[in-house]
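Okay, structure first, notes after.
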C-alpha cells in the first residue's frame, strides 16, 4: 500500500492506495467523498467526472497514484463558502436539470469545466460538450437550459421540448 | 482488476529502465488500457506511467512545413495547440471521445494501441507522419501492421510524432454514437506530390490507404473524380453496427465529404 496525498477541495488529504486504486475509489472510499458517483465504471457515463488540475476527467479511469500531488475538485467542493449552492448548482435546481440525481455530480462538474473555458456557450456547444455525460431521466433539455442559465444567458426562448 | 506495482518515472530513460521489468506495461492516458484491465483482458505486473515525463509533452512546429507532437500530449492539447499548424489534425483530435477523455488520452497511447477504429492512425498514415521512439524513427507506412499491431518492440516508447503539413486536408468521421469511435473515418491530405487517403474503422487489417481514390484525387482534387469508383467489401469489419458492404460504401462517401471539407 502506498500513501497518496492530494489537494482535494482546497484541503491537503491522504489515503492509502494500491496500484489499482482508481481516483473514484480514492475519493469515495479513501476520503469518504461519496458525492462522486460511479455509474458505468467504464468511462462512458461521466457520473464520476471531477476536475484534476483544472480539467474535467472521469475519475473511474484514472489511477489515484497517477495523480498523486494533483489539485482535485469534486462536487463537494462546488458549493459556495457559506454552504449555499453555487450558480451552476442553483441553475440545475431552478431549471429542473435533474430528476433522480445520479448523473448530477458529473453533469455539474462537466458544466463547470465547460463554463470555465467557454463562459457563454451556445446551446449546440453545451450539448456537444456534455456528450460524455449520460442522463437517463431528463432528456437533457433542462440540463442544457440550466447550463445556459448558469452562464447568464436568457433561457426563456430555449424550449423544454 | 488484478493488482500491480505502479511506477511514475520522470524521464524517458527511467521509463525504459522500468519497462525492462518482467510483466511491465507502459501507461499513457489509460483511456483504453484501464477498461481493458478492468475486464482482465490485460493484467500487467508493473504499470509504468508516462504522464509525469515533461519531455514527452508539447506541440511545436514550423508553419507550412511540419508539426511535432510529444507522445504523451493529450488530445485536448493537440486540438488547441496544433490548430495553428495543421487545422485538420487539430479538428480530428477535438472529435475524439468526449472532453474528459480528451483531457487524458494521448496521441502516443492511441498510436501504440492502434485500435482499428481509432482516429489518429488515419491522420498519421494520410500525412506520411514519422513516429519517433526512444530507439528510432519509423515511417507511418511501416508502422501500422494490422489490428492492434505496430512496429513497436518491447520497451519501445513513442516519444514524438511529426506530421508534414499538407496544402489541404480534412478528416470526416462517421461516429459510432455509443463509443464515439469511428464506424468509418477518412483522412484526406493533399500534398504537392499527390493526395493521400487513409481510412480507419473499416478494415479488419486496421488503417489503410485507398490507393484507387488517391490516384483519382491526385489528378483532380474534387469529389466528382471518385464517380465510378467503388471500394470492395472484402476484409471490411462487419458487426452489429454495420455490415462490411455498408462500411465499404461509407469509405467513398466520407472521402467525398473530406475532399469537400478540406482546408
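The values are calculated or read from the model by the stated rules, or taken from the named source; none is laboratory data. The structure displayed is predicted, hence computed values, not measured ones. Please note: Cβ atoms are built from the backbone with ideal geometry, for glycine as well, and neighbour counts cover all protein chains shown.
Summary of values
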item	result
All strands (runs of 3 or more DSSP E) inside region B:105-166 with 2 or more residues being in contact with a helix residue (DSSP H, G or I) (Cβ under 6 Å, 6 or more places away or on another chain)	B:158-164
Residue A:48, sole failed condition from (1) more than 14 Å from every other protein chain (Cβ to nearest Cβ); (2) closer than 22 Å to residue A:141 by Cα	(1)
Of the criteria (1) surrounded by 23 or more Cβ atoms within 10 Å (Cβ to Cβ); (2) under 11 Å from the mean Cα position of the chain (by Cα); (3) more than 14 Å from every other protein chain (Cβ to nearest Cβ), which one residue B:115 fails	(1)
Close pairs from region B:224-245: first closer than 11 Å to residue B:202 by Cβ, partner surrounded by fewer than 10 Cβ atoms within 10 Å (Cβ to Cβ), Cβ under 8 Å, at least 6 apart	B:244/B:234
Selected residue [more than 19 Å from residue B:146 (Cβ to Cβ), surrounded by fewer than 20 Cβ atoms within 10 Å (Cβ to Cβ) and not assigned by TED's automatic domain parsing to the domain that holds residue B:128] from B:189, B:245, B:216	B:245
Members of region B:45-57 found to be buried (at least 21 other Cβ atoms within 10 Å of the Cβ) and either out of contact with any strand residue (DSSP E or B) (no Cβ under 8 Å at 6 or more places or on another chain) or under 15 Å from residue B:3 (Cβ atoms) (or both), listed by number	B:47, B:53
Residue in region A:61-80 that is surrounded by fewer than 23 Cβ atoms within 10 Å (Cβ to Cβ) and on the phi > 0 side of the Ramachandran plot present	yes
Positions within region A:116-136 being under 14 Å from the mean Cα position of the chain (by Cα), in a loop (DSSP other than H, G, I, E, B) and within 11 Å of chain B (Cβ to nearest Cβ), in sequence order	A:133, A:134
Checking residue B:66 against (1) more than 14 Å from chain A (Cβ to nearest Cβ); (2) within 16 Å of the chain's Cα centre (by Cα); (3) touching a residue at least 60 places away in the same chain (Cβ under 8 Å); (4) surrounded by fewer than 24 Cβ atoms within 10 Å (Cβ to Cβ), the condition it does not meet	(2)
Identity of the residue in region B:89-110, closer than 19 Å to residue B:170 by Cα and touching a strand residue (DSSP E or B) at 6+ places or on another chain (Cβ under 7 Å), that ends up nearest to the other protein chains (Cβ to nearest Cβ)	B:95
Number of positions in region B:17-37 that are touching a residue at least 12 places away in the same chain (Cβ under 8 Å) and surrounded by fewer than 18 Cβ atoms within 10 Å (Cβ to Cβ)	5
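For every residue, the table says whether it meets (1) out of contact with any strand residue (DSSP E or B) (no Cβ under 7 Å at 6 or more places or on another chain); (2) closer than 30 Å to residue B:39 by Cβ.
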residue	(1), (2)
A:57	no, yes
A:73	no, yes
A:86	yes, no
A:100	yes, yes
A:122	yes, no
A:125	yes, no
A:139	yes, no
